[in-house]
Amino acid sequence: MQVCEYDILVVGAGAAGMAVALACRRRNLRAAVVEREEEPGGILLQCIHNGFGLQRFGEELTGPEYAERYLREVEGTEIDVFCGTTAVRLTGGDAFRSVVTYSAKYGVREFRVGAVILAVGCRERNRGNIGIPGTRPAGIFTAGLAQRLTNIDGYIPGSRVVIVGSGDIGLIMARRMTWLGAKVLGVVEIMPTCSGLLRNVVQCLEDFDIPLYLSHVVTRIEGAGRVRAVEVAPWRNGQADSRNAFRLECDTLLLSVGLIPEHELARDAGVGISPDTRGPFVDANLMTNIPGVFACGNGLHVHDVVDYVSEESERCGRAAADFVTGITDTVKQIPLHAGANVRYVLPGTIAAGRSNLLSLRSMVECEAARCTLHRGEVELATKTFRHVRPAEMIRWNISAEMTDDMSREETQPLDITIQCVADDE
Amino acid sequence: MTLMQPARNKTTDAYDVVIVGAGVCGAAIARCLSGYDIRVAVVEKCADVSFGVSKANSGIVHAGFHHPADMLKTKLEIRGNMMFEKLQHELKFPFERIGILVLAFSPEEMEVCRRLCAQGRANGVPRLELLSAEAVRGMEPVLSPDVEGALYAPTGGIVEPYRYVFALMEAAQGNGATLLLHWELDRAERNGDVWELRARDSRRVRARWVVNAAGLFADEVSRILAAEEFRIVPRKGEEYLLQRGAAGYPNHVLFPVPSRHTKGMLVIPTVEGTMMVGPTAREIEDRHDVSTTAENLRRVFDGAKRMVPAISTRDIITAFAGLRPTLEDQDFYIDLSRRAPNVVQVAGIQSPGLTASPAIALYVKDLLKAGGLTLTEKADTRTDLPETTAVRRLSPEQVDEHIRRNPAYGNIVCRCENVSEAEVVEAIRKGHTTLDGIKFYTRAGMGRCQGGFCTYKILQILQRETNQPIETFTKRGKGSELILGRLDT
């Protein structure tokens, strides 16, 4: 077993991994990236539609183009990228952090490094996770798998398609399958609202007259060999209304029913996992409870757009570089909790005396919502956001001035709340 | 298992025994008979071994206290149970004797445990014990505080059912038995002292003896052979698989006290660290109905949570249903046919069929002998299978050694279960060429993502290894094609 020493090891060469490695390299640290696929780029490579990079580059790129910009930059540096390499074990430690990897090309290696950054991405929730009853025929794919099979491998996974879940991948695959010549019979969404971005509803469904069945569920899958049909029923008061069920004859069912951070490598190392994000708990430096182990990107929490993944990962890279170079962070960190109407807030602490970018998800939908940061009864900061929906992440920058006096205060936990307000407020 | 071997014989050259059905019974019988100097074939209508009743088995090696001593299945259950260490040693399939607890929630239920204990002791089950509430909770901290006591059967165990069946068949084939897949019996004729069996696709097999181990379809096979009339009633069981690391993972197989037809809704830890809950038990008409329902999901979890409150539907990876082939008297029917010559019936093999399977094989061998088949032990029988390599069970140092010999051990295809390319290739080369066959053989696709990340990799490896077009690959045989076409054609 070969031992490799670096300052930083990044696990995953997707959007998060590339950005975080570059941020570390800018601080002149020796960084390596391990990637289990045969080439770097991550899921971006199969996202051949456009819409990436609006925030980051001010232009609309396809997924491969967005990845390309980072890949070129990585190639121009001394970052070592090891593809076809799977991280199988992570261990914390006082002297160094250890990651064991398996690879056909490099054999088994142990990376001994100052900091590990988990940029591992997420997986798709599947049929078992949402418990669709019925038979278990071929022709049931997660939307991302179907996207991979179509856009990278060049296969046609189906000809008459029903899509469950109105997440962005589901909407994009509705359009993609239509362009392939397949008939998309509908998108079935349990919630009363679409969970993907509005632009995708317009561009992927409405432009192709694909029906969107809101407040509906698939109640049964039929077919012995291949999918033959699905039964769809309205969802009322937490139950399927079977009297108004209808049948859609199809050979394919695509599931776009949510993403879950791949937290297993972290969990097995003893990293605390949040039941709300399903990713690691992290502090204001995006560091987990194991010193020197950091997390960012969709492996930390699921983002709406890749631009924010890149931004978060760069922050993470700077914090990891600080850790490795011994710039001891003496800043006081105060615990931060999700309060009323907040599904989750990240990170889990606020650093006193400097600016803090919070990512939070609302549990409610409203035209205008006021976010408030409290310490007990005291309101520390407040800001109103427009068009708040559970599907869209709220990003709120708490300025250094707002947190300035916290370093002198007791570390009483803070909480953050969302409240719907009248539109003109 | 090797890729479809054409039968060695010309039409004149008959097998001594043909076994209809490559489930746990057919495979166990084939392995047993392959130790003798006779020619054995197994015909199976599915695309792979164990694809019928056996693959949905709960994987419990039962102790032998559930049924009275006068039932055939009790005798075979107890005898079979005791054979598993030796079998595991020879065939290297995953098996652990972790013990069974039957939990009582009231004095009445404790009385049932007492009765089962007495019945088990009368049957000859060793080391049965009645436990107090305190003792049982000490052994199994995840249990509900409402448990008032239990029956403990330390000889109960868990096994990976399909791996066991695969191993039996591999061993049989290693000793010369022939396996014919996609071979569905259509007609049978007796010519002189030879049975001529014809498949739906017109392939023919000739044999002196026929063993009917056709599971759910044993009654149809019996009819085709003009043997006894009986009716197999499928009793459906829905089960749920929970992910590794799920809350509530117990150290023993947990049973409630049984009702007349079923051993009840169980919590079953698996050898691989996942957990199964179920099964339901309902008699149905349709022998192909392996669908699951929302109603039964609730029933299964209500039953499981009563025993282990921490169990959560949130940890479900997948659901499946299996059909138990039952006869009216609920016992096994294993005998020489009294109507058709040279036919052995192996029917009604429901629970505890897997436990009993090695004993069933011996029982069938004795019936064949009694019926006049000459059985001489082969001199060169191989009882052992080589150990298969699974990266997930090796230390990094061991994996490093394997990679040096074969780099494909370093290419992790299934990230959830840490299955390497080399393991997938081995499965394919042994004849497991469907996605489900590869899954059951290697565990690739059996973890938390359920094939989301490994399916395309396995399809690539299948194409490379078999050189077949992508449209021909299936989930579990013809009709379950995965890909409908290519963009460039």
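Just one of the numbered conditions (1) open to solvent by 30 Å² or more (accessible area, probe 1.4 Å); (2) touching a helix residue (DSSP H, G or I) at 6+ places or on another chain (Cβ under 6 Å); (3) at pLDDT 90 or above is not true of residue A:337; which one?
Residue A:337 satisfies all of (1) open to solvent by 30 Å² or more (accessible area, probe 1.4 Å); (2) touching a helix residue (DSSP H, G or I) at 6+ places or on another chain (Cβ under 6 Å); (3) at pLDDT 90 or above except (2).
Of the conditions (1) open to solvent by 40 Å² or more (accessible area, probe 1.4 Å); (2) assigned to a loop (DSSP other than H, G, I, E, B); (3) facing chain A (nearest Cβ under 9 Å); (4) over 21 Å from residue A:224 (Cα atoms), residue B:460 satisfies every one except a single condition; which number is it?
For residue B:460, the failing item is (2).
May I ask you to list the residues in the range A:373-403 that are open to solvent by 80 Å² or more (accessible area, probe 1.4 Å) and assigned to a helix (DSSP H, G or I)?
The answer is A:401, and nothing else.
Working only within the range A:50-72, note down all residues that are among the small types (Gly, Ala, Ser), over 15 Å from residue A:13 (Cβ atoms) and surrounded by 20 or more Cβ atoms within 10 Å (Cβ to Cβ). Working first, answer last.
Pass one, the range A:50-72, residues among the small types (Gly, Ala, Ser): A:51, A:53, A:58, A:63, A:67.
Going one step further and asking which of them are over 15 Å from residue A:13 (Cβ atoms), we end up with A:51, A:53, A:58.
Within the range A:50-72, A:53 is the sole residue that qualifies.
So residue B:90 fits all but one of (1) open to solvent by less than 10 Å² (accessible area, probe 1.4 Å); (2) within 22 Å of residue B:432 (Cα to Cα); (3) among the acidic types (Asp, Glu); what number is the exception?
Condition (1) is where residue B:90 drops out.
Out of the range A:287-302, which residues are crowded, with 18+ Cβ neighbours inside 10 Å and either modelled with pLDDT under 95 or more than 15 Å from the chain's Cα centre (by Cα) (or both)?
Of the residues in the range A:287-302, the ones crowded, with 18+ Cβ neighbours inside 10 Å are A:287-288, A:290, A:292-302.
Passing the criteria: A:287, A:288, A:290, A:292, A:293, A:294.
Yes or no: residue A:133 surrounded by fewer than 22 Cβ atoms within 10 Å (Cβ to Cβ), assigned by TED's automatic domain parsing to the domain that holds residue A:205 and not aliphatic (A, V, I, L, M)?
yes
How many of the residues making up the range A:13-49 are polar (S, T, N, Q), touching a residue at least 12 places away in the same chain (Cβ under 8 Å) and open to solvent by 30 Å² or more (accessible area, probe 1.4 Å)? Spell out how you get there, then give the answer.
Step one: list which residues in the range A:13-49 are polar (S, T, N, Q), which gives A:28, A:46.
Those left that are additionally touching a residue at least 12 places away in the same chain (Cβ under 8 Å): A:46.
Next, from what is left, pick out any that are open to solvent by 30 Å² or more (accessible area, probe 1.4 Å): none.
Residues in the range A:13-49 being polar (S, T, N, Q), touching a residue at least 12 places away in the same chain (Cβ under 8 Å) and open to solvent by 30 Å² or more (accessible area, probe 1.4 Å): 0 in total.
Check B:134, B:108, B:129, B:148 and return the single one that is touching a Cys at 6+ places or on another chain (Cβ under 9 Å) and surrounded by fewer than 19 Cβ atoms within 10 Å (Cβ to Cβ).
None of the other options fit; the residue is B:129.
Looking only at the range B:365-379, filter to residues that are under 26 Å from the mean Cα position of the chain (by Cα) and aliphatic (A, V, I, L, M); which one of those is most open to solvent (accessible area, probe 1.4 Å)?
Initial filter on the range B:365-379 (under 26 Å from the mean Cα position of the chain (by Cα)): B:365-368.
With aliphatic (A, V, I, L, M) added as a condition, the list becomes B:367-368.
Working: B:367: 25, B:368: 0 Å².
For the range B:365-379, the residue satisfying everything is B:367.
From the list B:392, B:298, exactly one residue is part of a helix (DSSP H, G or I) and without any contact (Cβ under 8 Å) to a residue 24 or more places away in the chain. Which is it?
On the way: B:392 fails: without any contact (Cβ under 8 Å) to a residue 24 or more places away in the chain.
So the residue among B:392, B:298 that is part of a helix (DSSP H, G or I) and without any contact (Cβ under 8 Å) to a residue 24 or more places away in the chain is B:298.
If I ask for residues that are open to solvent by less than 10 Å² (accessible area, probe 1.4 Å), within 8 Å of chain B (Cβ to nearest Cβ), within 21 Å of residue B:436 (Cβ to Cβ) and assigned to a helix (DSSP H, G or I), which ones from the range A:146-169 would you list?
Within the range A:146-169, just A:149 meets the criteria.
Can you tell me which condition residue A:343 does not meet? The list is (1) open to solvent by 60 Å² or more (accessible area, probe 1.4 Å); (2) modelled with pLDDT of 95 or more; (3) in a helix (DSSP H, G or I), and all the others hold.
Single failed check for residue A:343: (3).
If you go through the range A:112-122, how many residues are outside any strand (DSSP E or B) and within 14 Å of another protein chain (Cβ to nearest Cβ)?
Our first condition is that a residue be outside any strand (DSSP E or B); within the range A:112-122, this holds for A:119-121.
Restricting the remaining residues to those that are within 14 Å of another protein chain (Cβ to nearest Cβ) gives A:120-121.
Residues that pass the stated criteria total 2.
Residue check, residue A:109 against (1) open to solvent by 10 Å² or more (accessible area, probe 1.4 Å); (2) charged (D, E, K, R); (3) assigned to a strand (DSSP E or B); (4) within 8 Å of chain B (Cβ to nearest Cβ), all met but one. Which one?
Condition (4) is where residue A:109 drops out.
Residues being in a loop (DSSP other than H, G, I, E, B), of a type outside the set (A, V, I, L, M, F, W, C) and away from chain B (no Cβ under 14 Å): count how many of those fall in the range A:89-106. Let's see the steps before the verdict.
Initially, the range A:89-106 is screened for residues in a loop (DSSP other than H, G, I, E, B), giving A:92-96, A:104-106.
If we keep only those that are of a type outside the set (A, V, I, L, M, F, W, C) as well, we get A:92-94, A:105-106.
Going one step further and asking which of them are away from chain B (no Cβ under 14 Å), we end up with A:92-94.
Residues meeting the conditions: 3.
Test residue A:249 against the criterion of being surrounded by fewer than 16 Cβ atoms within 10 Å (Cβ to Cβ) and not β-branched (Val, Ile, Thr), and give yes or no. First the steps, then the outcome.
Details: surrounded by fewer than 16 Cβ atoms within 10 Å (Cβ to Cβ): yes; not β-branched (Val, Ile, Thr): yes.
Spelling it out, residue A:249 is indeed surrounded by fewer than 16 Cβ atoms within 10 Å (Cβ to Cβ) and not β-branched (Val, Ile, Thr).
Just to be sure before I move on: is residue B:453 more than 21 Å from residue B:391 (Cα to Cα), within 13 Å of chain A (Cβ to nearest Cβ) and aromatic (Phe, Trp, Tyr) in the structure I sent? Walk me through how you get there before you give the answer.
Details: more than 21 Å from residue B:391 (Cα to Cα): no; within 13 Å of chain A (Cβ to nearest Cβ): yes; aromatic (Phe, Trp, Tyr): yes.
Against the criterion (more than 21 Å from residue B:391 (Cα to Cα), within 13 Å of chain A (Cβ to nearest Cβ) and aromatic (Phe, Trp, Tyr)), residue B:453 does not qualify.
Does the range B:308-348 hold any residues that are under 20 Å from residue B:272 (Cβ atoms), open to solvent by less than 10 Å² (accessible area, probe 1.4 Å) and outside any strand (DSSP E or B), and which are they?
Scanning the range B:308-348 gives B:308, B:311.
Cβ-Cβ under 6 Å, sequence separation 6+ or interchain: first residue in the range A:67-86 and over 14 Å from residue A:16 (Cα atoms) and within 14 Å of chain B (Cβ to nearest Cβ), partner open to solvent by less than 30 Å² (accessible area, probe 1.4 Å) and assigned to a strand (DSSP E or B). Which pairs?
That search, which allows pairs on different chains as well, returns A:82/A:34; A:84/A:103; A:85/A:34; A:85/A:101; A:85/A:103; A:86/A:102; A:86/B:412.
Could you please find all residues in the range B:359-389 being free of Cβ contacts under 8 Å to residues at least 60 places away in the same chain and touching a strand residue (DSSP E or B) at 6+ places or on another chain (Cβ under 6 Å)?
Within the range B:359-389, B:367 is the sole residue that qualifies.
Look through the range A:313-334, keep the residues that are in contact with a strand residue (DSSP E or B) (Cβ under 6 Å, 6 or more places away or on another chain) and open to solvent by 10 Å² or more (accessible area, probe 1.4 Å), and return whichever of them is modelled with the lowest pLDDT.
Going residue by residue through the range A:313-334, those that are in contact with a strand residue (DSSP E or B) (Cβ under 6 Å, 6 or more places away or on another chain) are A:316, A:320, A:323-324, A:331, A:333-334.
Among the residues that remain, those that are also open to solvent by 10 Å² or more (accessible area, probe 1.4 Å) are: A:323-324, A:331, A:333.
Details: A:323: 96, A:324: 96, A:331: 85, A:333: 92.
Result: A:331.
Contact list please: Cβ distance under 7 Å, first residue in the range A:107-120 and basic (Lys, Arg), second residue surrounded by fewer than 24 Cβ atoms within 10 Å (Cβ to Cβ), pairs at least six apart or on different chains.
The qualifying pairs are A:109/A:1; A:109/A:2; A:109/A:4; A:112/A:3; A:112/A:5; A:112/A:96; A:112/A:98.
The values are calculated or read from the model by the stated rules, or taken from the named source; none is laboratory data. Note that this is a predicted model, so its numbers are computed, not measured. Neighbour counts are summed over all protein chains in view; Cβ atoms, including those assigned to glycine, are modelled from backbone coordinates with ideal geometry. For the accessible areas, the whole protein counts, side chains as well, though only heavy atoms, and no ligand, DNA or RNA atoms are used. Shrake-Rupley method; radii C 1.70, N 1.55, O 1.52, S 1.80 Å.
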